[in-house]
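Only one structure is covered here, and it is reproduced in the block below.
Values in this text are rule-based calculations from the coordinates and carry no lab data. Not measured: the values here are computed from a predicted model. Note: ideal-geometry Cβ built from the backbone for every residue, glycine included; neighbour counts use all protein chains shown.
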Amino acid sequence: MKRLGILLSGRGSNFEAIADSVAAGRLPAVLSVVISNNPNAAGLEKARARGLEALVIPSRGLEREAYDRLVVAELEKRQVDLVCLAGFMRLLSAYFIQRFPSRILNIHPALLPSFPGLEGQRQALEHGVKITGCTVHFVDEFLDHGPIVAQAAVEVRDNDTEQTLAARLLAQEHRLYTEAIHLVLSGRWRLEGRRVIRT
Ligand code: GRF
């Protein structure tokens with residue numbers, strides 16, 4: 001069984017979707033630890049309610065790499081194979097990336113490389129695109145930037161608000177993240193430049 005570590009800063013619905021997939025046997029993995037930089041993240045309580053270990057590592061006052069060293073130490077202590085960012089609102093340092101090469105995933109609520117950064121849903125609405133979606137990608141040192149593992153498209157409707165669009169996106173995010181984790185854990189892929197090719 002592969003060991004997953006989840007990093008989150010907020011609500012934790014993507015974490016819950018992953019935890020549901022693990023519980024249902026859709027992912028050949030165990031959830032080893034959930035870590036948050038935000039002590040008030042709702043995701044922490046959701047993790048504890050499932051009997052999972054949930055750690056708070058506050059980032060206040062720490063340099064990026066000093067913080068990442070604390071997080072990496074906890075992940076390594078538990079021999080985590082794959083790190084899944086699920087609404088984790090921090091960039092990772094080169095140190096972190098090098099400790100987990102091609103072993104960190106993130107989910108973003110837009111079709112990257114469109115609309116990186118905060119509020120991908122709102123950016124898509126304001127830009128007026130007719131199709132947006134979500135992306136699971138490997139994490140590198142740049143914001144929402146690493147090789148793309150999986151994407152799903154979502155139509156933008158004329159009567160969409162940020163909330164209605166975000167809700168339809170979220171449903172796809174929850175499905176897509178499990179699919180992408182499954183592929184990555186299977187090892188049936190290789191990197192060709194930026195391209196993740198199934199093997
Ligand atoms: C999601 O929209 C995800 O795509 C983005 O942050 C949000 C996290 O939501 N990276 P949740 O905490 O998983 O509910």
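Data for the structure
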quantity: Placed amide H near Val156: partners under 5 Å, 5+ positions off or other chain; calculated: Ile131, Thr132
quantity: Net length gained if the chain between Phe142 and His127 were fully extended (0.36 nm per residue, minus Cα distance); calculated: 3.1 nm
quantity: Segment Ala153-Ala171, extension gain: residue separation times 0.36 nm, minus the distance between their alpha carbons; calculated: 5.3 nm
quantity: Extension gain (nm, one decimal) between Arg48 and Glu63, 0.36 nm per residue minus Cα-Cα; calculated: 2.6 nm
quantity: Rounded, prolate or oblate (a/c below 1.5 giving rounded, otherwise prolate when a/b exceeds b/c) for segment 1-101 by Cα gyration tensor; calculated: oblate
quantity: Estimated vicinal HN-Hα couplings, Hz - segment 41-52 in sequence order (Karplus 6.51, -1.76, 1.60; Gly, Pro = x); calculated: 4, 4, x, 5, 5, 4, 5, 5, 4, 8, x, 9
quantity: Karplus-derived HN-Hα couplings along segment 130-137 (A = 6.51, B = -1.76, C = 1.60, θ = phi - 60°), whole Hz, x at Gly and Pro; calculated: 8, 10, 10, x, 9, 9, 10, 9
quantity: For the chain, calculated [θ]222 nm from helices alone, where every DSSP H run of n ≥ 4 adds -39500 (n - 2.57); calculated: -11000 deg cm²/dmol
quantity: Estimated translational D of the chain in µm²/s (Stokes, Kirkwood radius over Cα pairs; 4 °C; 1.567 mPa s); calculated: 76
quantity: Derived scalar couplings ³J(HN,Hα) [segment 148-160; Karplus, 6.51 cos²θ - 1.76 cosθ + 1.60; whole Hz; x for Gly, Pro]; calculated: 7, 8, 7, 9, 9, 8, 9, 6, 8, 8, 4, 8, 5
quantity: Nonlocal amide H pairs with Cys84, under 5 Å, H built at 1.01 Å; calculated: Gly5, Ile6, Leu7, Leu105
quantity: Under-5 Å amide H pairs with Trp189, H placed in peptide plane, nonlocal only; calculated: Thr199
quantity: Distance between segment 134-168 and segment 39-112 - C-alpha centres, whole angstrom; calculated: 20
quantity: Inter-site label distance for Val56 and Glu76 at 7 Å from Cα along Cβ, in nm; calculated: 2.6
quantity: Cα-based shape type of segment 107-199, given that a ≥ b ≥ c are square roots of the gyration tensor eigenvalues and the cut on a/c is 1.5; calculated: prolate
